[in-house]
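See below for the structure under consideration.
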Amino acid sequence: MYESRQPFQKKKRTSSSQAKGVVQRAVGFEVEVKNWRTWKPRDDQSFFEGLLRRGISYRKPHNARDVLMKSKGYELTADRPSSESVPEFVTDAFQETDDGEQKLQRTFQSIVELVDHMHQDAQKHPNSLNDLRHYEYAGDLRKPFTMIDAENVPDLHPQATVGVHLTKMSNLMEISGNHSPSQKAHSRFTRIADVHDPPAYQEKDSMTSAFPKALKALESFKKKHISEPNWEPSEELKNLFAYMIHYLECPMVNFQSYPKSYFPIMARTDFAMTFKLMPPEEVFMFSENDGELFVKLFEHVNFSPPCGTKMEMHQQVFQKGIRQGQPTASCHEINGLNRAAWVRNIALGRDMMTQDDYPGKRNQGRQFETMGAWYKYDRLGDWRIPAPVLELRRIQFTRDIKELPLIAHDVFNTIRELNKEPSQWIR
């Protein structure tokens with residue numbers, strides 16, 4: 001097991017202010033149409049449209065992240081969750097302003113109209129595939145001879161990429177884990193109502209209980225390890241601690257698919273950078289002595305994974321293994337990262353649950369290429385307050401095309417409300 005107790009040479013990374021495509025204060029969406037498929041000619045040469053429609057041997061799925069069409073406010077791309085490619089709409093990032101909200105509404109209305117037209121056309125011609133050239137009015141085609149199987153009622157699965165102030169992390173987790181029909185806007189953040197297997201409810205419980213666990217552990221930690229009677233943890237520490245508790249519990253709960261899907265609120269800014277968003281005195285306190293005190297903090301947590309399993313800090317983060325691809329795939333071990341090492345190295349400036357810093361075999365590290373991989377912050381408000389970038393992976397899905405803009409609107413406005421600038425954020 002790998003647990004560095006020695007200082008290491010930190011890799012040089014582009015600063016957040018210099019990074020290409022720096023995320024600004026904005027909310028962006030991805031909407032995958034789960035039960036549609038995209039196709040392209042099997043060879044580079046062009047085929048007659050009729051052959052491509054009828055002859056499955058003449059076509060093949062698109063590559064992951066192929067851009068099929070660029071339109072105002074979004075791109076239509078191809079995703080590859082398995083051996084098949086599905087259409088996915090990737091929107092611009094909408095600024096958290098009234099103007100941004102209007103752009104969001106226009107963009108999602110355009111997406112809804114395109115999806116509806118494609119579905120209606122497919123129903124009229126059930127033995128044919130939709131030729132994307134018939135929808136050139138919607139945007140600039142980037143892949144000629146793209147065909148889409150759009151006959152099924154579209155199963156729309158949205159996700160969102162957001163920046164949230166660290167002190168609001170527990171609020172976001174509470175919203176994401178708490179399905180409340182009386183708060184329709186908040187219920188958009190969870191699929192719990194539509195999922196009836198035990199891991200979904202254990203995941204929900206982990207999101208809603210992490211913050212109380214953090215407070216209780218901090219009280220115990222303070223009594224045992226802090227000599228200063230007036231020391232009080234900052235709101236940033238409380239929220240980061242709660243988020244990391246949930247992150248450690250997730251692999252014990254939801255390990256039925258690929259690792260990226262383990263985390264309902266997935267970090268896109270690595271945890272080492274998020275750690276530095278705490279007050280400087282806490283950063284210093286928990287990073288000295290090789291991060292020993294930060295590890296001790298987690299030893300006071302009463303974790304609650306399924307079946308009452310006691311979670312020890314020396315055990316592997318992915319103790320139950322991982323799957324590659326679909327839930328039916330066989331589970332295999334992924335070694336090299338134990339819980340104490342992950343926590344300790346975050347305090348030392350290194351998030352080991354990322355592809356660049358994973359300590360195990362390279363092919364295992366590739367499992368984490370999208371986790372914390374952006375190495376940059378969002379910037380909130382006029383004060384440009386740094387905030388971690390997150391991917392919300394449990395947003396409500398729908399087969400009602402007209403509901404999609406409402407889901408996006410509620411998510412956008414909930415994040416906008418969380419990110420208002422209370423005076424206590426300014427130090």
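General remarks:
- Take segment 168-243 with all the other protein chains still there, run a 1.4 Å probe, and you get 47 Å² of accessible area per residue.
- Across the accessible surface of segment 202-255, with the other protein chains kept in place and a 1.4 Å probe, carbon and sulfur atoms take up 51 percent.
- Over segment 170-311, volume per residue of the alpha carbon convex hull, in Å³: 131
- Additional length obtainable on full extension of the chain from L215 to Y258, 0.36 nm per residue less Cα span: 12.4 nm
- In this structure, the amide hydrogen of I385, modeled 1.01 Å from its nitrogen in the peptide plane, lies closer than 5 angstrom to those of L380, counting only residues at least 5 positions away or on a different chain.
- Residue-normalised accessible area of segment 257-401, expressed per residue, 1.4 Å probe, Å²: 39
- Heavy-atom accessible surface of V301, to the nearest 10 Å², is about 10 Å², with a 1.4 Å probe and all protein chains retained.
- The calculated P(r) of segment 366-406, using every Cα pair and 5 Å bins from 0, goes 5, 16, 15, 15, 14, 16, 15, 4, 0 in percent.
- Cα Rg over Rh - segment 333-407, Kirkwood: 1.13
- Residue-count net charge about R37 - beta-carbon cut-off 9 Å; Lys, Arg +1, Asp, Glu -1: -2
- Computed E for S128/E417 - FRET, C-beta separation, R0 51 angstrom, nearest 0.05: 0.65
- Full extension of the chain between Y58 and R362 gives 105.8 nm of extra length, using 0.36 nm per residue less the Cα-Cα distance.
- Label point distance in nm, E228-E113, each placed 7 Å from Cα along Cα→Cβ: 5.9
The values are calculated or read from the model by the stated rules, or taken from the named source; none is laboratory data. Because the structure is predicted, anything quoted here is derived from the model rather than measured. Glycine also receives a Cβ, built like all others from the backbone with ideal geometry; neighbour counts cover every protein chain displayed. Each accessible area value is taken on the protein alone, full model and side chains, heavy atoms only, with ligands, DNA and RNA left out. Shrake-Rupley method; radii C 1.70, N 1.55, O 1.52, S 1.80 Å.
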